[in-house]
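Following: one structure in structure tokens, then a few remarks.
Where a number appears in this text, it was derived from the coordinates with a stated rule and is not lab data. Since this is a predicted model, take the numbers as computed values, not measurements. Because the Cβ atoms are built from the backbone with ideal geometry, glycine has one as well, and the counts that use them run over all protein chains shown.
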Amino acid sequence: MANGRYRRVLLKLSGEVLMGDQPFGIDPDTVARVAAEVKAAKDTGLELCLVIGGGNIFRGMAGAAKGMDRAQADYMGMLATVMNALAMQNALEQLGVQTRVQSAIEMDKVCEPVIRRRAERHLEKGRIVIFAAGVGAPYFTTDSGAALRAAEMKCDALLKGTSVDGVYDADPKKVVTAKRYQTLSYDRVLSDNLKVMDASAVALCRDNAIPIVVFSIREQGNILKVLDQSGTFTVVQQEGN
């Protein structure tokens with residue numbers, strides 16, 4: 001594999017990561033910093049695709065909780081992910097990285113539709129593919145979209161960059177004695193309702209034997225550390241691996 005462990009991975013980022021220190025929206029400096037880390041990972045020879053959430057702009061479930069129609073709110077959230085994908089594409093291309101955005105909701109003026117074989121060809125040519133608009137249907141999160149695209153692209157792992165450095169038995173921001181897991185099984189995550197990804201995403205990764213690697217994207221240089229196994233992270237995988 002390109003870096004000794006993985007040949008092709010999907011990197012899932014929460015939309016909140018792109019806010020930086022702002023209360024909402026897209027912080028260009030933060031996007032540029034993350035793009036530089038993504039480029040460094042690609043430069044190891046890795047084939048890389050991305051999925052970015054939309055919570056920095058609009059979160060469908062939050063809208064539904066305030067009385068909006070859930071389907072309508074989810075579609076708005078999907079559009080937010082397209083905005084984030086275009087922002088990341090711009091930052092990557094300013095660094096000289098060829099990038100394609102594919103959206104599950106067709107909008108041919110700004111990006112390609114999701115076409116699996118075309119996406120595979122882009123990866124083979126050394127381009128980064130950013131998948132946007134989740135699965136293209138309401139009631140599914142971008143975690144489910146990430147798991148689906150990771151399975152379609154036959155990725156060796158799904159890397160989930162969050163604000164914490166792994167999966168804990170309690171919220172480490174609230175419980176000082178919270179314990180971080182080194183490894184977990186998919187079934188343990190589901191049975192204990194650990195907040196790694198939503199249940200459908202975890203089940204999809206389990207059924208396709210795709211390890212989920214949870215790490216902190218806020219720590220600079222962490223993507224490369226995770227790839228060479230020197231960073232701090234939690235791996236969710238088949239029991240016994």
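Observations, loosely collected:
- Among 216, 163, 191, sorting on how many other beta-carbon atoms sit within 10 Å of each Cβ, with the fewest leading, yields 191, 163, 216.
- Filtered GluC sites (Glu not before Pro), region 149-241: DSSP coil and at most 16 other beta carbons within 10 Å: 219, 239
- DSSP bridge pairs, region 8-237: antiparallel proportion in percent, nearest 5: 15 percent
- Per-residue Cβ neighbour counts within 10 Å put 217, 115 in the sequence 115, 217, beginning with the fewest.
- Proximal charge balance of residue 140 [Cβ under 10 Å; K/R count +1, D/E count -1]: -3
- Sorted by Cβ density within 10 Å, fewest first, the residues 116, 100, 149: 116, 100, 149
- Relative contact order (percent, whole number), region 8-237, Cα cutoff 8 Å, 6+ residue spacing: 21 percent
- Inter-centroid distance (Cα atoms) of region 163-226 relative to region 17-46, Å: 21 Å
- The reciprocal of the average 1/r between distinct C-alpha atoms defines the Kirkwood hydrodynamic radius, which for region 8-237 equals 17.6 Å.
- Here each label is just a point 7 Å from Cα along the line to Cβ, and for residue 152 and residue 21 those points are 3.8 nm apart.
- Amide H contacts for residue 130 (H built 1.01 Å from N in the peptide plane; partners 5 or more residues away or on another chain; cut-off under 5 Å): 50, 100, 101, 102.
- Under a Gaussian network description of the chain, with springs only between Cα atoms under 10 Å, the residue in 15, 96, 45 that fluctuates furthest is 96.
- Relative contact order (percent, whole number), region 16-95, Cα cutoff 8 Å, 6+ residue spacing: 33 percent
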